[in-house]
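Here the structure is laid out as structure tokens; the discussion comes afterwards.
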Amino acid sequence: MSETRFKIVFDGTLLPGVDITTAKLNLAALFKSDVAAIERLFSGKPVALKRDLSQVDAQTYLQALKKTGIDARIEPDPSIELNLSDVHDHAPVGAHAQSPYAPPQANVGERAPEFATLKPFGVEGRIGRLRFLAWSMVLSLITIAVVGVFAVIGLALVSTDSTAGLIIGGILAFGLCVAFLIASILISVQRLHDIGWSGWLWLLNLVPFVGSFFPLLLLVVPGTNIANRYGAPPPPNSTAVKVLSSLWVVLIALLIVGALAGGISAIQDEYESTLESSYQSGSVTTDEIDVETEPAPNSADDAAEEAQPPVDSAQE
């Protein structure tokens, strides 16, 4: 008696809370096929995605499909005779016959890209945690360099004309802040897309208390490894991304060391200042020491009297 075989059947039903566009993108990524080829799976009719599977293989295959967001099921698969008529009945409609055991393939069009194209200057696309740190580091370094150049220009203008220098410096500083804010928003929105969240959630940074810890979520919450409604996953991290993101560790360490050194120096200066003020106010005294002193002679007569020898009272 032969072992019972099973098949995976899908009729277009999705798991609760899953968007149909997201499900199509996930299936396309799983089958490494074009989204157009996945469209025919959502016709509402039962479609056998995989056949002639053992029970263990069917469960494994079903779990992989569940992660894409579709509600597939396992059904017993009757014995299949490999003859020409059977292959003809299960072949898809088209110019060329296709094996019923092969994953869906697009007859026309290009395959969906495995990774999304990076778009640093847009709100579309996705970036991971390391690339978010790397791009933030690049933005910070550029801002520091531009601020240095603006500072030199501002000092030169102030030395010649203080009023004009202050006005021009204020305009340049305002423009720099606006540019930095826009670039930071673009990077944060793409990071939110990688998690699967809407970019409008960036506005939570403006909410009191919530904005103090919301940026930390962008560094902690991982992104999805498969396509979501915002597109395919970002490409793997390059060596430059890893190096730039690791610079944050060095920067944070330097800030901690600098803060500790500054704190110790401030405490030492405060202690020395307190000690000096205490000496000046006379609050610090030495132990009192009793010293016997002889009074100095008041006049020449007293000195002469002390110099005369004592007179015997009996002789008197």
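The values are calculated or read from the model by the stated rules, or taken from the named source; none is laboratory data. Keep in mind that what you see is a predicted model, and the values were worked out from it rather than measured. Cβ atoms come from the backbone with ideal geometry, glycine included; neighbour counts cover every protein chain shown.
With the structure loaded, tell me whether residue 123 is among the β-branched types (Val, Ile, Thr) and outside the structural domain of residue 240 (by TED's automatic domain parsing) or whether it fails that test.
On the way: among the β-branched types (Val, Ile, Thr): yes; outside the structural domain of residue 240 (by TED's automatic domain parsing): yes.
Criteria met by residue 123.
Being touching a helix residue (DSSP H, G or I) at 6+ places or on another chain (Cβ under 7 Å), under 26 Å from residue 18 (Cβ atoms) and free of Cβ contacts under 8 Å to residues at least 12 places away in the same chain holds for only one residue in 218, 192, 204, and it is 204. Of everything listed in (1) outside any loop (DSSP other than H, G, I, E, B); (2) closer than 20 Å to residue 128 by Cα, the single unmet condition for residue 236 is (1).
Can you spot a residue in segment 225-235 that is within 14 Å of the chain's Cα centre (by Cα) and free of Cβ contacts under 8 Å to residues at least 12 places away in the same chain?
Within segment 225-235, the first condition is being within 14 Å of the chain's Cα centre (by Cα), and the residues that meet it are none.
Taking every residue of segment 225-235 in turn, none turns out to be within 14 Å of the chain's Cα centre (by Cα) and free of Cβ contacts under 8 Å to residues at least 12 places away in the same chain.
Within segment 133-156, residues that are assigned by TED's automatic domain parsing to the domain that holds residue 176 and part of a helix (DSSP H, G or I) have Cβ atoms under 6 Å from residues that are among the aliphatic types (A, V, I, L, M) and crowded, with 17+ Cβ neighbours inside 10 Å in these pairs: 134/241; 134/244; 135/187; 137/244; 139/183; 150/172, counting only partners at least 6 apart in sequence or on another chain.
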